[in-house]
Amino acid sequence: MKSLLLVVLAVAAHVLLPPAQCQRLNPEIQDTGGLSRGGFPAGFVFGTAASAYQVEGMAKQGGRGPSIWDAFIAVPGTIAGNGTADVTVDEYHRYKEDVNIMKNMGFDAYRFSISWSRIFPEGTGKVNQEGVDYYNRLINYMLQQGITPYANLYHYDLPLTLHHQYLGWLSQKIVGAFADYADFCFKVFGDRVKNWFTFNEPRVVAALGFLQPIIHGRYPDSMVKIVGHRLPAFSADESRMVKGSIDYVGINQYTSYYMKDPGKWNMTPVSYQDDWHVGFAYERNGVPIGSRANSDWLYIVPWGINKAVTYVKERYGNPTMILSENGMDQPGNVSLADGLRDTVRVRYYRDYISELKKAIDNGARVVGYFAWSLLDNFEWRLGYTARFGIVYVDYKTLKRYPKDSAFWFKNMLSEKKKS
């Protein structure tokens, strides 16, 4: 198998890699740590993930209306290097190339997001057919190439008009607008898209207590005690509506921290973090919890993914789970040669997925895993100073170069189950 693999990689290197990477293949690529596609449950899905605002480009074109992020990045100094998503990595025009890379690396699926304001420029009302046509082209090509679409309806990019009209998610008026948008997407794309995510990281959007209501129809008792009268109450109808309303839960897991007793907390909270009554710690007794990636919040802690999945299994009755994001970043200014030889990322994926498999072997109902991300791209407030992709993007030419981590996935996903 290994001799055949070397031939396959050599051919792929000749086609896809610059000369520097062809000259010396990284031996880490071939070390799967015993992982193989066949070692996971039947039907387990491996894919990559991205969001519309981070990869599409065409932010001010194609009939797309502005989102809150377009307004946010317009403030000088808000984004590192004053970067914008006007072009980013131009997947709008290069989607076929990107889907081809997914296919070539052996992935099964692509978790992408739909830009709400590309469909409804004002959030509601008139449909932008040009945007609808784009997503039809993307979905159709994915299916042609054997890549299963997993569509995410919301990834932080609220139409700006809805924010101006009634502060978006702070108003109940948003419920009808989002329902209309979701219903439209289900009707137009649902004949081909059978897997949907409603919100990416709702904790980031709303903060605190998301999964408890979805499973049990109520907020955690500890949250009710701490937040008190500031916490909206569920009506009986709302509780019945939300309880057990998911088919699966997506878990985005990158890092882990220790939690500590802060000793005291602000009794007049001005931030939701004050309501946690706990603090983060990156080290204990002077020893870091793990080595740090590029981002100051991202420590490499493989056992954390096992604990996270196991916690959901034990606390919430083992719902069906998808690891919807997992990955690490390199500095944005890394050279092409150094960027391609991403040995730390190869080890990150090998170690994290190994820990995930332990949780699955111990009964966690995880049915899929999505690496973040296929491409280096616009990384929110970090702009282009962080590279999460398993494919290096030259931001000047937009040329794509698969990194060693991409070829590690290709190797692992082509491996048969070891006896």
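Computed over the Cα atoms, what is the radius of gyration of the chain divided by 2.2 N^0.38 Å, N being its residue count? Present the calculation step by step, with values, prior to reporting the outcome.
Details: Rg = 21.7 Å, N = 419, 2.2 N^0.38 = 21.8 Å.
Computed over Cα atoms of the chain, the ratio equals 0.99.
Calculate, in nm to one decimal, what A179 and M259 gain on full extension: separation in residues at 0.36 nm each, minus their alpha carbon distance. Provide the component values of the computation, followed by the final result.
Values: separation 80, 0.36 × 80 = 28.80 nm, distance 3.71 nm.
Full extension from A179 to M259 adds 25.1 nm.
Once neighbouring chains are kept in place and the probe is 1.4 Å, which whole percent of the accessible area of the chain is contributed by carbon and sulfur? Each step should come with its number before you reach the end.
Numbers: 10750 of 19590 Å².
Whole-percent figure for carbon plus sulfur exposure: 55.
So what is the 222 nm mean residue ellipticity for the chain from helices alone, if each DSSP H run of at least 4 adds -39500 (n - 2.57) and you divide by all residues, rounding to the nearest 500 deg cm²/dmol? Walk me through the numbers before you get to the answer.
Details: 17 runs with 160 residues, N = 419.
The helix-only estimate for the chain comes to -11000 deg cm²/dmol at 222 nm.
Would you compute the Debye intensity of the stretch 282-322 from its alpha-carbon atoms alone, equal scatterers and no solvent, and pass along log10 I(q)/I(0) at q = 0.22, 0.34 Å⁻¹ to two decimals?
-0.76, -1.09
I'd like the trypsin sites (Lys or Arg not before Pro) in the stretch 237-325 restricted to DSSP loop residues with at most 11 other Cβ atoms within 10 Å, sorted by number. Mind dumping the intermediate values first?
Numbers: sites: R240, K243, K260, K264, R284, R292, K307, K313, R315; in loops: K243, K264.
Within the stretch 237-325, the qualifying trypsin sites (Lys or Arg not before Pro) (loop, at most 11 other Cβ atoms within 10 Å) are K264.
Between S113, S291, S256, find the one with the highest GNM mean-square fluctuation for the chain; connect C-alpha pairs within less than 10 Å.
Among S113, S291, S256, the largest GNM mean-square fluctuation belongs to S291.
Taking H as built 1.01 Å from N, whose amide H comes closer than 5 Å to the amide H of G250, not counting residues under 5 places away?
I322
Quick check: net charge around W297, other residues with Cβ under 13 Å of its Cβ, Lys/Arg +1 and Asp/Glu -1? Intermediate values should be presented prior to the final figure.
Numbers: positive: R292, R381; negative: D296, D329, E379.
Around W297, the surrounding residues sum to -1.
Could you work out the relative contact order of the stretch 187-289? I mean the mean sequence separation of Cα pairs under 8 Å and 6+ apart, divided by the number of residues, in percent. Before the final figure, lay out each step's value.
Values: 75 pairs, mean separation 22.2, N = 103.
Result for the stretch 187-289 is 22 percent.
Check G332: other-chain or 5+ apart residues with amide H under 5 Å from its amide H, H built from backbone geometry?
A386, R387
Need one number: nm distance between label points at D86 and V242, each 7 Å from Cα along Cα→Cβ, rounded to one decimal.
The answer from the label model is 4.0 nm.
Pop the C-beta distance of K399 and E130 into the FRET formula with R0 = 22 Å and round what comes out to the nearest 0.05.
Values: r = 26 Å, r/R0 = 1.19.
Efficiency at R0 = 22 Å is approximately 0.25.
Which percent, nearest 5, of DSSP beta bridges in the stretch 286-419 are antiparallel? The partial results should precede the final answer.
Values: 7 of 11 bridges.
Beta bridges within the stretch 286-419, antiparallel portion: roughly 65 percent.
Mind telling me which of S67, S354, S295 comes out most flexible in a GNM of the chain, alpha-carbon contacts under 10 Å?
Most flexible of the set in this elastic network: S295.
What share of the DSSP beta bridges in the chain is antiparallel, in percent to the nearest 5?
Working: 13 of 37 bridges.
Within the chain, antiparallel bridges account for around 35 percent of the total.
Taking a ≥ b ≥ c as the square roots of the eigenvalues of the Cα gyration tensor of the stretch 37-195, is the shape rounded (a/c under 1.5), prolate (a/b larger than b/c) or oblate? Write out the running numbers ahead of the final one.
Details: a/c = 1.89, a/b = 1.46, b/c = 1.30.
Note, shape of the stretch 37-195 comes out prolate.
Find how much the distance from H216 to D361 grows on full extension, using 0.36 nm per residue of separation minus their present alpha carbon separation; answer in nm with one decimal. Don't skip to the end; give the middle numbers.
Values: separation 145, 0.36 × 145 = 52.20 nm, distance 2.62 nm.
Once the chain is fully extended between H216 and D361, it gains 49.6 nm.
Under 20 Å from a point placed 7 Å out from the Cα of V344 along the Cα-to-Cβ direction: which residues of the stretch 301-326 have their backbone N that close?
Taking a point 7 Å out along Cα→Cβ of V344, the residues of the stretch 301-326 whose backbone N falls under 20 Å are 301-305, 326.
Nearest 0.05, what FRET efficiency do K60 and N285 give at R0 = 51 Å with Cβ-Cβ as r?
Working: r = 51 Å, r/R0 = 1.01.
My answer for the efficiency is 0.50.
Mind ranking 213-223, 170-180 by how tightly packed they are, going by the mean number of other C-beta atoms within 10 angstrom, highest first?
So the peptides 213-223, 170-180, ranked by packing, come out 213-223, 170-180.
Please list the non-local residues whose amide H lies under 5 Å from the amide H of Y156, H modeled 1.01 Å from N, same-chain partners needing a gap of 5 or more.
N200
Within the stretch 342-382, whose backbone N sits under 16 Å from a point 7 Å along Cα→Cβ of N318?
357-368
Mind checking the log10 I(q)/I(0) for the stretch 215-339 at q = 0.15, 0.18 Å⁻¹? Debye, one equal scatterer per Cα, no solvent, two decimals.
Here the Debye-derived log intensity ratios amount to -1.01, -1.23.
Can you list, largest first and rounded to whole Å, the semi-axes you get for the stretch 359-409 by taking the square root of 5 times each eigenvalue of its Cα gyration tensor? Don't jump to the answer; show the numbers that get you there.
Details: eigenvalues 163, 40, 10 Å².
Rounded to whole Å, the semi-axes are 29, 14, 7.
FRET efficiency for H93 and L143, Cβ-Cβ distance as r, R0 = 22 Å, nearest 0.05? Please list the in-between numbers first.
Values: r = 19 Å, r/R0 = 0.88.
E between H93 and L143, to the nearest 0.05, is 0.70.
Pop out the ³J(HN,Hα) list for the stretch 86-103 in order, Karplus 6.51 cos²θ - 1.76 cosθ + 1.60 with θ = phi - 60°, rounded to Hz; leave Gly and Pro as x.
4, 10, 6, 10, 6, 5, 3, 9, 10, 4, 5, 4, 5, 5, 4, 5, 4, 4
The values are calculated or read from the model by the stated rules, or taken from the named source; none is laboratory data. Please read all numbers here as calculations on a predicted model, not as lab measurements. Backbone-built Cβ (ideal geometry, glycine too); neighbour counts: all protein chains shown. Keep in mind that these areas ignore ligands, DNA and RNA; they rest on the heavy atoms of the full protein, side chains included. Shrake-Rupley method; radii C 1.70, N 1.55, O 1.52, S 1.80 Å.
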